[in-house]
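Input: a single structure, listed below in structure tokens.
Laboratory data are not the source of any read-out in this text; all were calculated from the coordinates shown. Since we're looking at a predicted model, the values are computed, not measured. Here the Cβ is made from the backbone with ideal geometry for all residues, glycine too, and neighbour counts use every protein chain on show.
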Amino acid sequence: MDPPTLQAKAERLAATTFLGGRAEVFEAMGRLQLIALLRIGLYPESRVLDLGRGCLRGGYWLIHFLRPERYFDIEPNLEMLEVGKREILGPEALAEKRPRFLSNDQFDPSDFGVRFDFFLARSIWTHASREQIEQTLDAFLEFGTDDAVFLTSFLPAGAGEGDTSSGWVGRSHQSETPGTVRHDLRWIEEACRKRRITLREWVDPGEKQIWLLLAKGEATRPWQGHLARLVPELKRDRGARDSSGGALATVRSLLSRLKSRGQSQ
Ligand SMILES: C[S@@+](CC[C@H](N)C(=O)[O-])C[C@H]1O[C@@H](n2cnc3c(N)ncnc32)[C@H](O)[C@@H]1O
């Protein structure tokens, strides 16, 4: 008998474990994290830091693709860490690819002692406070290579309505209560600008979260525009839905303005 598919495993595990997102799209959403990174220049030799990797929803694909010891993650929820290793990845891939795991809730990768080509934070800024988002940006500045890129996702808030609470909102190593937060793109842009981080590209795949691509300073890479080509793929895979109404319309127009401002510079 064939081994269960990743999706079948996820649906079985979902009865007892929080998987980091909706079980119905576990496989699709994880696979898309790899596809998105491939679109923006991922190589087998790249070093990837997955911030808050949960149960290895994206890590499963990344670890299989990358060379040994090229996948790194930070996850404070030890139960999710173990389920991911044991049930999602399995002992063979673990032994062959030797992914590196750290557990802290400061988004602090210093113990790895390396710099990273790609930062990934999928469904992290959707729960993080401003202070935590700034921690991830600081980590990107300090531990990213000079031409590193940061792929992250967030939920847009209307102008001036972004979350200002402190600490994590939603399930984590400290809470079983679901929840999400929205952030004002203008605030995100300002936090990036202060650090000379450029918002290079964004995509709205029609699934509520908007993906942002950040790079250091004026770094240019041939991947410019590649992420946008992912949109039809994302829409096809997840079914286009636009249920975030006004906030999404606001963020779309703001992002378009940022884009045209970037192009005219
Ligand atoms: C919504 S899940 C997303 C997981 C994963 N990125 C994915 O796409 O499946 C959010 C994850 O962030 C983790 N997390 C919570 N607080 C964190 C912190 N301060 N630093 C790093 N990860 C954190 C949670 O434990 C959870 O695994």
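Data table
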quantity	calculated
Peptide ranges 41-54, 154-167, 17-30 listed from the most packed, as the mean C-beta count within 10 angstrom indicates	41-54, 17-30, 154-167
Cβ-Cβ FRET estimate between residue 93 and residue 67, R0 fixed at 22 Å, reported to 0.05	0.95
Using a Förster distance of 22 Å, the FRET efficiency for residue 2-residue 173 (Cβ separation, nearest 0.05)	0.05
Qualifying aspartates and glutamates (Cα of each under 20 Å from Cα of residue 208; at least 8 residues distant if same chain)	24, 27, 161, 163, 184, 189, 233, 237, 242
Separation between Cα centres of segment 23-37 and segment 42-68, rounded to whole Å	12
